[in-house]
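Have a look at the structure below before the remarks.
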Amino acid sequence: MYKAVYAIAHAIHSAVCQITNTAIHCDKHIKLEPKQVFIELKKVNFSKNGYHVSFDANGDPVAFYELVNWQKRGSGVIEL
């Protein structure tokens, strides 16, 4: 859930802020349309808590898989 909130926050920031060589200028009074946020959302690219967040050209999240091998020993201890 937190990655979704961060992704939308990044998209809104990109939609309302302009970055120049010397500063960032944000228009806090701009009226955003959902389509503007969606366009910016497709450009989101960041890492949070060790996980990369980005979207492909269709706006779908880039898949990330983490494989974990759980082994239960004879003693009952579970090892990764």
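The values are calculated or read from the model by the stated rules, or taken from the named source; none is laboratory data. The shown structure was predicted, so the numbers you read here are calculated from the model rather than taken from an experiment. Positions of Cβ are backbone-derived with ideal geometry, glycine not excepted, and every protein chain shown enters the neighbour counts.
None of A7, A11 is at pLDDT 90 or above, surrounded by 10 or more Cβ atoms within 10 Å (Cβ to Cβ) and under 18 Å from the mean Cα position of the chain (by Cα) except A11.
Taking segment 22-75 as the range and being charged (D, E, K, R) and in contact with a strand residue (DSSP E or B) (Cβ under 7 Å, 6 or more places away or on another chain) as the test, the residues that pass are K42, K72, R73.
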